[in-house]
Amino acid sequence: MFKHVKTDPELCIGCKTCMAACVASHSGKALFALKPKSFDFTPRVHVVYTSKVTKAVQCQQCPKPRCMEACPFHCISLGPDSVVIDEDACRGCGKCSRACPFQAINMTKIYHGDTKGRPFRIVAYKCDLCANTETGEPACIPACPTEALSLFDPAVVAAQRAKLKAQKEADKTQAAYEKALKKGKP
């Protein structure tokens, strides 16, 4: 499994700072220095509001992504560290977005850059963990004012679980040994 950004809905206040940080990271520009209609605001994270929760939603970097299976043009692949969308090849059909169980793929209108000769293009956008940006680190995490976002690493969690399991086994063995000592049977 791949790393992915995790949101604590108890801490998320829905400020959308993560979205602005995402766009700034991918554009490489200070958003407030740009004219509003001179660039596309294309965050790869979006904030969801319901009656019970406010939460930033990002791609979970699934090991067997449904979005990849759904894409008829093979624009989605497994990269070394994440699920990757070839945005230049994307035709904007939206099948990947509908297939995602986490609703983490946004179909976004692009007015600037390569619109392939049209007034705009529709492109699938999802969290790429800021892999191709200057820092190479998810920009949303340090930008979050409430620290609601964190990088979840399944390998670290698996190692922690293995360590905990080994400790439990060692404790069990120690308890059995101490019980045997009390009975006089070392």
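The values are calculated or read from the model by the stated rules, or taken from the named source; none is laboratory data. All values derive from a computational prediction rather than experimental measurement. Neighbour counts are summed over all protein chains in view; Cβ atoms, including those assigned to glycine, are modelled from backbone coordinates with ideal geometry. These area figures cover heavy atoms from the full protein model, side chains too; ligands, DNA and RNA do not enter into them. Shrake-Rupley method; radii C 1.70, N 1.55, O 1.52, S 1.80 Å.
Once you keep just the Cα pairs under 8 angstrom separated by 6 or more residues, what percentage relative contact order results for the range 93-140?
28 percent
Between the helical axis of 154-182 and the dominant principal axis of the chain, each derived from Cα atoms, what acute angle in degrees is found, rounded to the nearest 10?
Once rounded, the angle reads 10 degrees.
What's the longest piece of the chain with no exposed chymotrypsin sites (Phe, Trp or Tyr not before Pro), counting a site as exposed if DSSP puts it in a loop and it has at most 15 other beta carbons within 10 Å?
121-186
Along the Cα→Cβ direction, 7 angstrom out, place labels at Thr146 and Ala131. What is the inter-label distance in nm?
3.0 nm
Once R0 is set to 45 Å, what does the formula 1/(1 + (r/R0)^6) return for the Cβ-Cβ distance between Leu31 and Arg118, expressed as a FRET efficiency to the nearest 0.05?
0.95
For the range 18-83, give the magnitude of the charge dipole about the Cα centre (Cβ charges: +1 Lys/Arg, -1 Asp/Glu; no others), in debye to the nearest 20.
The calculation lands at about 240 debye.
Give me the dipole magnitude in Debye, nearest 20, for the chain about the Cα centre, with unit charges on the beta carbon: positive for Lys and Arg, negative for Asp and Glu.
About 740 debye.
Using alpha carbons only, how many angstrom separate the centre of the range 57-98 from the centre of the range 121-186?
Value for the Cα centre distance between the two parts: 26 Å.
Reachable lysines from Lys16, Cα under 28 Å, same-chain residues fewer than 8 places away excluded?
Lys3, Lys6, Lys29, Lys35, Lys37, Lys52, Lys55, Lys95, Lys109, Lys126
What longest region of the chain stays clear of trypsin sites (Lys or Arg not before Pro) that DSSP places outside H, G, I, E and B and that have at most 10 other Cβ atoms within 10 Å?
With a cap of 10 other Cβ atoms within 10 Å, the longest stretch comes to 117-182.
Please find the FRET efficiency linking Lys6 to Asp86, where r is the Cβ-Cβ separation and R0 is fixed at 22 Å, and quote it to the nearest 0.05.
After rounding, the FRET efficiency stands at 0.30.
If I ignore ligands, DNA and RNA and count only protein heavy atoms, how much of Ser77 is accessible to a 1.4 Å probe, in Å² to the nearest 10?
Number for this one is 60 Å².
Where does the longest stretch of the chain lie that holds no GluC sites (Glu not before Pro) found in a DSSP loop with 11 or fewer other Cβ atoms within 10 Å?
That would be 11-133.
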